[in-house]
Amino acid sequence: MNWYKLEEQEVTSSVGTNIEKGLTEKEVDKRLKKYGENKLDEGKRPSALFVFLGQFKDFMVLVLLAATFISGMLGEYIDAITIMIIVLLNGILGFVQERKAEKSLDALKELSAPQMQVLRQGEWKKVLSAHVVPGDIVKISSGDRIGADLRLLETNGLRIEESSLTGESVPVQKQQHLLNCEHAELGDQSNMAFMGTLVTQGSGIGVVVGTGMKTEMGKIAHLLQSTTTLVTPLQRRLEQLGKILIAVALVLTALVVIIGVVQGHDVYTMILSGVSLAVAAIPEGLPAIVTVALALGVQRMIKRKAIVRKLPAVETLGCASVICSDKTGTLTQNKMTVTHAWSGGKLWEITGGGYEPSGTFIQNGKKVEPTSDRKLQQLLSYGWLCNNANLLEKTVKQGMLRKQVTEYVIDGDPTEGALVVASMKAGYTKKGLDKHFSRVLEFPFDSGRKMMSVIVKDQKGRSYVITKGAPDVVLERCNKLVYGINEEALTSRRRTEVEGVIDQLAGSALRTIAIAYRPLHDKEVCKQPFEAERGLTFIGLQGMIDPPRPEVKDSIIECRQAGIKTVMITGDHKITAAAIANQLGILSKKGKVLDGQALSKMSVAELEEVVDDVDVYARVSPEHKLKIVKALQAKGHIVAMTGDGVNDAPAIKAANIGIAMGITGTDVAKEASSLILSDDNFATIKAAIKEGRNIYENIRKFIRYMMASNVGEILVMLFAMILGMPLPLVAIQILWINLVTDGLPAMALGMDQAEGDVMKRSPRSPNEGVFARGLTWKILSRGFMIGVVTLAAFWVTLQADPSDLTRAQTVAFVTLVMAQLIHVFDCRSEYSVYHRNPFENRYLVGAVFISTLLMLAVIYYPPLQTVFHTVALNGHEWLLVLAMASIPTVVLGGFQLLRKK
Ligand code: ATP
C-alpha cells in the first residue's frame, strides 16, 4: 500500500480508526490477535534439549563417561551407574543454572522494552511498543525511537533520522500532506515515519499503518538478526584462565595416576580415579557460574530500580570513581512550585506548596490581589500560554478511613507545570486563555537553546511571540523591558537591576524562568527560533523551588566514603546550582563551580587541569557533558554519567557507565546507556554501585571456594601417592564431592550479602585481576591445609586398623567434605571467618545443611554405603574428623586474628 499517496481521510478509513478517540481496547485486542505483536522476529533460540546436551560436551566429562562405560563392561555395574547418575545430576544442575540466568536476562530485556504513546478510547497513554496495532494513533517527539510504520497526520518541526533504514544520516524534515507523485523512495516519503528510525527534533502525530514484520524494517529484519550474546571482561578473563587451570589440573592428575601406578596401584583404578579427579578439579563451570552470579545480581538490581542494559556494566559499576549526575529530577524531586515573581521593580511572594492551585500573593509583607497589577498578570498568563503542561485533578482514597482527597498531578514538564499552577493561583483558566489566544506555532524547548517560544494570535488577529527560558539567555534577546506600567529601553542600569534579582532568587536555590514577548508585524513569518526570539521585551521573572530528594544527601556521603566523587551537572543557573549543591553536600570547601561559558572556552586538556577540583557544572549544554567525561577519563577516572535527552547520548555512550533516566529519559538516551534508573533517583545509582561491588566480590568468593576445594582434592591424592599410601578417596567419592559439596554452596555464595565495608573501600581498579588482594595465597594456603588435614585423618585411621581401608577412606571423605563446608564460611569475608555472622546468608546455611545431610546419608544408609564404598563412623572418628576439618578455617583463622590483634 502506498500510504504516502493517500489523503488523511483515506488513510484513517482504510485502517479503520478515529483520529479524535483512537481505537478502543476491545478493538486493539482483536487486532493484536489478527496482526500479532508488533515485534521483529528474533533469531531462533537453541532448544532446551540442545542446552541440556551442551552440559556434557566437555572433554573430560566425555572421557569420564567412556571410562565409566568400560568399567560397566568389566562388570563394575554399581560404579558405572552411580557415576552416570552423578554426571547426569551435574548436567541438570548446569542446565538449571543456565536457564535461570537466561530467564533473568530476558526479564531484563522486557523491563527496558520500548514504549509508545498511543490514543486509546480518547486518552493518551504509554503502552509497550509490542502492543501497538495498525490503526493506533500515536504521538512521537524528540528522542523517540519510532516503534511502527506511521502515516503522519500532524507535525511540528519534526525531523527524523532514518539511517537505520536508508543509510542517510542527515535527519529528514517531515510533513503531513499527501505526496502527489507516481513513486517515492523510502527516503522521500516525507509524510511517513518508519519503525526503527529516530526523532531528532520536534514532534508529531501519526496513524500506525504497519507493525512487526509488516513494516519497512521488518522487510530487512533478517539482515539485522544477530544472536551474539555479550561476554563481560571478567568472563573473558576467566575463560582464558580456565584454559590454564585445565592444563594445570590435567598435569597434576596425570602425576597422581603415574605415581600411583609406579607405587604399585592397580592401573584401571588409578585411571578411573584420575579421570574423576580431573573432572572434579577442572573448573569448567567457572564462566557459566559467573553468568549466574551476574544474572542473580542483576535481578537484585532490578528490585532496587536499576535496570542493567549491558552486562559488562555490572563489573564496571564497582570501579566507578566519579558520578556525574544531572540535578533536576535526579538529585532533586522535580516537583516545582513557583514561590516568587518579579516584574518591573516589584517582587511578589506566592504561597502554597505542591501543585495545588491555591495560594496568595504577598508584596512587602502584605497580601495583595494578583489582579491589582497588570504586569504581574501578563507575566503569569504568558507563562501559561507558552507552555505544554496540564494540571490534572485526581481523586484518591487515603488513610485508614479511605477518605477521598484530591491530588494534583502535572501532565508534562514540571517546570511548565509550576508556571500553570502559579497562573491558576492568579485566577487564570485554560478555557479563558484559549478564548483570547490561539497558538499558531511552537518552537519547543531544548536544553541547548534553553528557551521555548510560541506564536499566538489574539481575538483581534494580532500575533505575538512569547518566549520563556533561562533568564540570562532571554535577557540577551531583549532590548526593552516592562517597568511600572510602561515599557522602556533595556539600559545597562536596568539590565544590572534585573541581573541582581536573578542572582538574588538563584541564591535562595530557586530555579528561575524569564518571560518575554514581542508583537509581530502584520506579514512577519518566523520559520526558525532565532527569527522569533529577538528584539524581545522583558516582562519578568518567576522563581521556583525544587526540593532536593531527601535520601540523596546520605547517598552522597556514602559514595564519598566509598571513594566516589559526586559531580552535579545542570542546565540551571550557576548560583541556583551552587546553592543546591551546598544543601546536598556536593560542593566542598575548595570545590569550584564552572559554567557553560567558561567550559566552552576550554579545551579538553585545559579542563583536565582543573577537572578534579570542579564539583558543579552549571548552565551547561548537553554537548559539554562529553568534554567533561573525556577530561575525567584522561585523569584516570571511571566515570558514571547520567542523561535523558537526545543530545546527552554521546556523553552517555562515552562514559564508562552511561546511565539513562527511566521516567524522563528518551529512547535515544536509553539505547546509549548501560544502566537505566527506573525511578530517576540518584540514590539508585549508589545502590547499583554497591550491588556491582557486591556481585564482583561474590564472584571472587565462589572462585576462592571452588579453587581451594579443588586444590585440596588434588593435593590429598597427590601427597598420598607420593608417600606411597593407599588411595584416600575412591573415584565416586571424588565425583560426589564435586557435585554436592562444591556445587550447592558455591551457588549460595553467588547470592551472598555485601560485606559491611564494601562501601568503605575505594573503588577497585579496572585493571585489577580477579586474584588480586591476596586471593591466590588464600586459595593455595587453605587448599593446601584442606589436603593435609584430610590426609592426616586418613593416615591416623589407617594406622589404627590397617586392614580396614574403607573405614580410613570414609574418614578422609567426611573430613574433606566437612573441611570444605566449614571453609565456605571463610570465603564470605575478605578478612576471616570471625568477621561475619555465619547465619546471615540463609541460602548458604541451607546449602551446607543439605550437603551435610546428603553426606550423612552416604555414610549411614546401607544401600548408599555399598555404592559409595563407605562405612558408618563412630564417635571417636567423628571427633577426629571435626578436629581436623576445623583446622584450616577455624583454628588458622583464629591464629591469624590473634596475631593481628
Ligand atoms: P538538569 O539539571 O537535569 O541538567 P536542568 O533542568 O537544570 O537539567 P535544563 O532543562 O537544560 O536544565 O534547563 C536549563 C534552564 O532552562 C533552566 O534553568 C530554566 O531556566 C530553563 N528551562 C527549563 N525548562 C524550561 C522550559 N520548559 N521552558 C523554558 N525554559 C526552561
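The values are calculated or read from the model by the stated rules, or taken from the named source; none is laboratory data. Keep in mind that this is a model prediction, so the values were computed, not measured. Every residue, glycine as well, gets a Cβ built from its backbone with ideal geometry; the counts of neighbours run over all protein chains shown. Each accessible area value is taken on the protein alone, full model and side chains, heavy atoms only, with ligands, DNA and RNA left out. Shrake-Rupley method; radii C 1.70, N 1.55, O 1.52, S 1.80 Å.
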What distance in nm separates the two pseudo spin-label positions at ILE81 and SER164, each 7 Å out from Cα along the beta-carbon direction? 5.7
Scan the chain and note any complete DSSP helix (H) whose C-alpha atoms cover at least 18 Å along its axis and whose Kyte-Doolittle average is 1.0 or more. 59-73, 233-262, 267-281, 286-303, 775-800, 805-826, 842-860
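So for each of 870-883, 131-144 I average, over its residues, the number of other beta carbons within 10 Å; can you give me the resulting order with the highest mean first? Present the calculation step by step, with values, prior to reporting the outcome.
On the way: 870-883: 15.7, 131-144: 23.1.
The packing order, highest mean first, is 131-144, 870-883.
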Given the peptides 181-187, 468-474, 698-704, arrange them by the average over their residues of other C-beta atoms within 10 Å, most packed first. 698-704, 468-474, 181-187
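If we sort 710-718, 451-459 on the protection proxy, mean other Cβ atoms within 10 Å, highest first, what's the order? Before the final figure, lay out the partial values.
Numbers: 710-718: 25.1, 451-459: 19.3.
Top to bottom by mean Cβ count within 10 Å: 710-718, 451-459.
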Report, ordered by chain and residue number, the lysines lying within cross-link reach of LYS243, taken as a straight Cα distance under 29 Å and ignoring same-chain residues fewer than 8 apart. LYS57, LYS100, LYS103, LYS310, LYS701, LYS778
Nitroxide proxy distance, nm - points 7 Å out along Cα→Cβ at ASP613 and LEU864: 6.9
Using Cα-Cα distances under 8 Å and only pairs 6 or more residues apart, what relative contact order does region 337-545 have, in percent? 23
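Return one whole number: the accessible area per residue of region 620-730 in Å², for a 1.4 Å probe. Each step should come with its number before you reach the end.
Working: 2620 Å² over 111 residues.
With all protein chains present, region 620-730 gives 24 Å² per residue.
How much accessible area per residue does region 737-879 have, in Å², with a 1.4 Å probe?
Heavy-atom accessible area per residue stands at 42 Å².
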Taking R0 as 45 Å, what FRET efficiency do you get between LEU89 and ALA800 from their Cβ-Cβ distance, rounded to the nearest 0.05? 0.85
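Restricting to DSSP loop positions (anything but H, G, I, E, B) with no more than 14 other Cβ atoms inside 10 Å of their own Cβ, which trypsin sites (Lys or Arg not before Pro) remain in region 239-336? Could you put the intermediate results ahead of the total?
On the way: sites: LYS243, ARG300, LYS303, ARG304, LYS305, ARG309, LYS310, LYS327, LYS335; in loops: ARG304, LYS305, ARG309, LYS310, LYS327, LYS335.
Hits after loop and neighbour filter: LYS310.
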Could you please state, rounded to a whole Å, how far the C-alpha centre of region 450-506 is from the C-alpha centre of region 539-618? 28
Taking all protein chains in place and a 1.4 Å probe, what share, in percent, of the accessible surface of the chain do carbon and sulfur account for? 58
Give the ranking of ARG462, ARG494, ARG828, ARG159 by solvent-accessible surface, highest area first, calculated with a 1.4 Å probe. ARG462, ARG159, ARG494, ARG828
Dipole of the chain, Cα-centred, from +1 at each Lys and Arg C-beta and -1 at each Asp and Glu C-beta, to the nearest 20 debye? 2000
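With respect to the cross-link table entries LYS690/LYS760; LYS21/LYS335; LYS592/LYS625; LYS335/LYS686, which display a Cα-Cα separation exceeding 20 Å? Spell out each step's value before the answer.
Details: LYS690/LYS760 10 Å; LYS21/LYS335 31 Å; LYS592/LYS625 17 Å; LYS335/LYS686 22 Å.
Over 20 Å apart, Cα to Cα: LYS21/LYS335; LYS335/LYS686.
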For region 337-545, report the accessible area per residue in Å² (1.4 Å probe, heavy atoms, rounded to an integer). 50
Counting only DSSP beta bridges with both residues in region 337-545, tell me the antiparallel percent, nearest 5. 95
All aspartates and glutamates inside 17 Å of LYS366 as judged from Cα atoms, apart from same-chain residues fewer than 8 positions distant: GLU349
With a/c under 1.5 counting as rounded, go ahead and sort the chain into rounded, prolate or oblate using the C-alpha gyration tensor (a ≥ b ≥ c being the square roots of the eigenvalues; past the cut-off, prolate if a/b is larger than b/c, else oblate). prolate
From the Cα centre of region 621-681 to that of region 241-282, the distance in Å is 51
